[in-house]
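Worksheet for the structure shown next.
The values are calculated or read from the model by the stated rules, or taken from the named source; none is laboratory data. Since this is a predicted model, take the numbers as computed values, not measurements. As a convention, Cβ positions derive from the backbone with ideal geometry for all residues, glycine included, and neighbour counts pool all protein chains shown. Note: areas computed on protein heavy atoms with side chains; ligands, DNA, RNA excluded. Shrake-Rupley method; radii C 1.70, N 1.55, O 1.52, S 1.80 Å.
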Amino acid sequence: MEIVESIEEIPVQNPQIEDFSWADLTWTKFGTSEHHDEVALIPYSRVDEFIIGECSNAECPTRFHIERGRKRSRGSLKEYKSDEYLEYRLYWCSFGPENYGEGGGVLPSRKYRLNTRNRAARPQSMRGCTCHFVVKRLYARPSLALLIYNERRHLNKAGFVCHGPLDRDAIGPGAKKIPYICNEIQQQTMSMIYLGIPEENVLEKHIEGIQRYCGSDATVDSLASQYVHKLGMIIKRSTHELDLDDQASIKIWAERNKKSIFFYQESSETDQFMLGIQTEWQLQQLVRFGHCSLIAADSTFGIKRLKYPLCTLLVFDSRHHALPVAWIISRSYLKSDVEKDTFCCPILFSLWRVRRSWLRNVVKKCDSLEVQRDLFKCLGELVYSIWDGVDTKKALERLTQDFVDQTAFMQYFTSTWLPKIGMWLSAIKSLPLASQEACGAIEAYHIKLKVKLFDDTHLGALQRVDWLVHKLTTELHSSYWLDRYADESDSFQNVKEEYIASTSWHRASEIPESAVTLDESNVLVAKVQSQRDSDVTRVVWNPGSEFAFCDCAWSLQGNLCKHIIKVNTMCENRKGYGDSMSLRSFKEKLRNIKMKPMDDSIALDLSMALTLQMFDQIKQLVQLSGTDNISKIVNDMPVKWGCKKGRTTIGIPASIAAFTKKRIQKRKR
């Protein structure tokens, strides 16, 4: 084959078939005798069809991801060669370039695997495949793309086939015959098995997934049945005890799951044991829902049944449900150790823990329902005193004097809370408070965590860290993955409905306002009619407060019930009811900003600008949540700027715009 030195001599090829691959093109050697590549010239509009054809390779089915890319703007080069690029993209087989198999390793240029969607077919299946090609959109001819195939064979560095039907080390029964099982299908099947769904239902969903790639075939269905059965047997036989010694077992797990660990510190004479777990999917959710948004932390400090405390980092998804994106296990709660896993960001205080602890002990240690609601209201007044101008000491004296006969509760409160009540009230006053919706989402996660961990069949393993890690990364992780998948794909309707209704805030939104009775003459009591049984009515005392008391079974367990949340949301804009604690905290922060002396500095200007911006955003959110006509609000919004690249020339005459562009180019040179 002759070597061509000019792109003008390379013919443009446009295959008539819909999707085409390397075999459907005629390749030309382009370059010099010392260095040349195999290239082909196709219309730029057909690049995606070429990539699809390459992914459908029968011998090595795969996907390609963008490993590297660069762009130039038109007119940025005055002198250029015929092969200069306008856009440059390096596509690599998703089974590489890293090798996570036995004896492999990641690229030295980066420590972590790229966070791309089109990744390898199975978890931990990156095998160092070297197949890759380059797509250049030509600068001189933007309608054409130059394909440069650097390595078209799906081989590893040792020269062996590393994936596909020809791979002798392929995982699973029939892996040499089943064309493709993507990561999504694999995770779906594993999640359903971990959650105890019957095997016939798992198989049905698994076959539906693989038929999207290989169609309906009796052989494929048979092999899929064997695959699901074998995977189920592997999961059932798997154990958390990799070694009789707990620390040795955790060390083995950490060596096997390096990609799911972001921090690991073994126990020694100077350092405490710490383990930070975050799977690839959790990292994706953190970036998706946590960037420029809220990140919450839920801790199990005080739960004596676990060997070490567990801290969970949570983000709020599209439905404002709490989603675990990292787990941190540590035997230490010292500030120097906690700082290793926290972020330098604004902090909101969640009152849910304090409220839950107080309410559970009030119900447990006081027999009379009347005493329970009065005592819980008095505890709320103690917290509200930091904004009402009431002396905290007097509020405490009133609490101890009025309920001196409740010896069991007062003994608990005096020994547990009284020595540090000043610290708690100071934190509540100094930090902004989280809303009831956020508290309800955190509560839903905490309850789900306890259900998964404190199953009666596993109580003997609570003092092992390897059991806790196994439980988190299998059952709990699979449960939340399936919840999100069911919601986004509109499948598994039972799972989706249960996931949506998992928070008290959502359950409260299902209660119509006509079922709530608020008596203006008596603002101390509200009534909510049950939606299941019209003859049942729940009574809410002290409505409008976070320390409202409901007589339903869910509330008496210390939880935020839907009746209290519904009543409190209706009391927000009514006379006779006070503001919520989160709103009072927000007003207090604004008053503190207003009371600061004006120094006419840039910092003051920046603070004012950010405050006004935040105020406008809150105002728009209030309008959106309280209107039935969204189109009217959208029409009243200000006109947005043009895109960043072109907004400097919008409305400017062409001659002035061209002159400005030349000056900018001179500055760059």
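Within region 206-252, the set of residues being modelled with pLDDT of 80 or more, within 19 Å of Asn183 (Cα to Cα) and open to solvent by 40 Å² or more (accessible area, probe 1.4 Å) comprises Glu208, Ser225, Gln226, His229, Lys230. Starting from residues that are touching a residue at least 60 places away in the same chain (Cβ under 8 Å) and small (Gly, Ala, Ser), keep the ones in region 414-454 and report whichever is most open to solvent (accessible area, probe 1.4 Å). The residue in question is Ser435. Quick check on region 24-55: of everything there that is of a type in the set (Gly, Ala, Ser) and open to solvent by 80 Å² or more (accessible area, probe 1.4 Å), which residue is nearest to Val134 (Cα to Cα)? For region 24-55, the residue satisfying everything is Ser45.
Looking at region 456-470, is at least one residue touching an Asp or Glu at 6+ places or on another chain (Cβ under 7 Å), assigned to a helix (DSSP H, G or I) and crowded, with 18+ Cβ neighbours inside 10 Å? Checked against the condition, which is being touching an Asp or Glu at 6+ places or on another chain (Cβ under 7 Å), assigned to a helix (DSSP H, G or I) and crowded, with 18+ Cβ neighbours inside 10 Å, region 456-470 yields at least one hit. Total residues in region 563-581 satisfying the condition of being crowded, with 21+ Cβ neighbours inside 10 Å and touching a Cys at 6+ places or on another chain (Cβ under 9 Å): the figure is 3. Asp271 satisfies every condition listed in (1) modelled with pLDDT under 85; (2) in contact with a strand residue (DSSP E or B) (Cβ under 7 Å, 6 or more places away or on another chain); (3) surrounded by 14 or more Cβ atoms within 10 Å (Cβ to Cβ) except (3). Among the residues of this structure, Arg127 does not count as one that is open to solvent by less than 50 Å² (accessible area, probe 1.4 Å), more than 25 Å from Pro11 (Cα to Cα), of a type in the set (Lys, Arg) and at pLDDT below 90.
Taken over region 253-262, residues that are open to solvent by 60 Å² or more (accessible area, probe 1.4 Å) and either in contact (Cβ under 8 Å) with a residue 12 or more places away in the chain or among the hydrophobic types (A, V, I, L, M, F, W, C) (or both) amount to 2. Only one of the numbered conditions (1) modelled with pLDDT under 90; (2) in contact with a Ser or Thr (Cβ under 8 Å, 6 or more places away or on another chain); (3) surrounded by 15 or more Cβ atoms within 10 Å (Cβ to Cβ) is violated by Asp391, and that is (3). Being touching a Lys or Arg at 6+ places or on another chain (Cβ under 7 Å), at pLDDT 90 or above and within 30 Å of Ser267 (Cβ to Cβ) is a property that holds for Leu476. The strands (runs of 3 or more DSSP E) located wholly in region 515-561 that include 2 or more residues which are in contact with a Phe, Trp or Tyr (Cβ under 9 Å, 6 or more places away or on another chain) occupy 525-529, 537-541. Consider Asp487 carefully, then state whether it is under 18 Å from the mean Cα position of the chain (by Cα) and not β-branched (Val, Ile, Thr). Yes: the conditions hold for Asp487. The condition of being surrounded by fewer than 18 Cβ atoms within 10 Å (Cβ to Cβ), under 16 Å from Val465 (Cα atoms), of a type in the set (S, T, N, Q) and out of contact with any Phe, Trp or Tyr (no Cβ under 6 Å at 6 or more places or on another chain) holds for only one of Gln265, Gln284, that being Gln265. Going by the conditions given, is Val536 surrounded by 17 or more Cβ atoms within 10 Å (Cβ to Cβ), farther than 24 Å from Asn361 by Cα and either modelled with pLDDT of 90 or more or hydrophobic (A, V, I, L, M, F, W, C) (or both)? Judged against the criteria, Val536 is not a match. May I ask you to list the residues in region 516-533 that are closer than 21 Å to Ala501 by Cα and loosely packed, with under 14 Cβ neighbours inside 10 Å? Hits for region 516-533 are Gln531, Arg532, Asp533.
From the residues in region 298-314 that are open to solvent by less than 70 Å² (accessible area, probe 1.4 Å) and either over 23 Å from Lys258 (Cα atoms) or of a type in the set (Lys, Arg) (or both), which one is nearest to the chain's Cα centre (by Cα)? Filtering first and then ranking leaves Asp298. Of the residues making up region 203-247, those that are of a type outside the set (Phe, Trp, Tyr) and within 31 Å of the chain's Cα centre (by Cα) number 28. Number of residues in region 498-514 that are under 23 Å from Cys439 (Cβ atoms), assigned to a helix (DSSP H, G or I) and open to solvent by 30 Å² or more (accessible area, probe 1.4 Å) equals 6. Exactly one of (1) within 30 Å of Tyr480 (Cβ to Cβ); (2) more than 30 Å from the chain's Cα centre (by Cα) is unmet by Ser357. Its number? Only one criterion in (1) within 30 Å of Tyr480 (Cβ to Cβ); (2) more than 30 Å from the chain's Cα centre (by Cα) is unmet by Ser357, namely (2). Within region 353-371, none of the residues are in contact with a helix residue (DSSP H, G or I) (Cβ under 6 Å, 6 or more places away or on another chain), under 20 Å from Gly578 (Cβ atoms) and at pLDDT below 90. If you filter region 1-28 down to residues that are closer than 20 Å to Arg141 by Cα and part of a strand (DSSP E or B), you find that the one that is farthest from the chain's Cα centre (by Cα) is Val4. Residues that are in contact (Cβ under 8 Å) with a residue 60 or more places away in the chain and among the basic types (Lys, Arg) within region 472-528 comprise just one, Arg484. If you go through region 315-345 and pick out every residue that is modelled with pLDDT of 60 or more, farther than 26 Å from Asp483 by Cβ and under 25 Å from the mean Cα position of the chain (by Cα), you end up with 1. Condition test on Ile178, is it more than 15 Å from Pro97 (Cβ to Cβ), crowded, with 18+ Cβ neighbours inside 10 Å and modelled with pLDDT under 90? Answer is yes for this residue.
If the condition is being part of a loop (DSSP other than H, G, I, E, B) and open to solvent by 50 Å² or more (accessible area, probe 1.4 Å), then region 56-74 contributes Ser56, Asn57, Ala58, Glu59, Arg63, Arg72, Ser73, Arg74.
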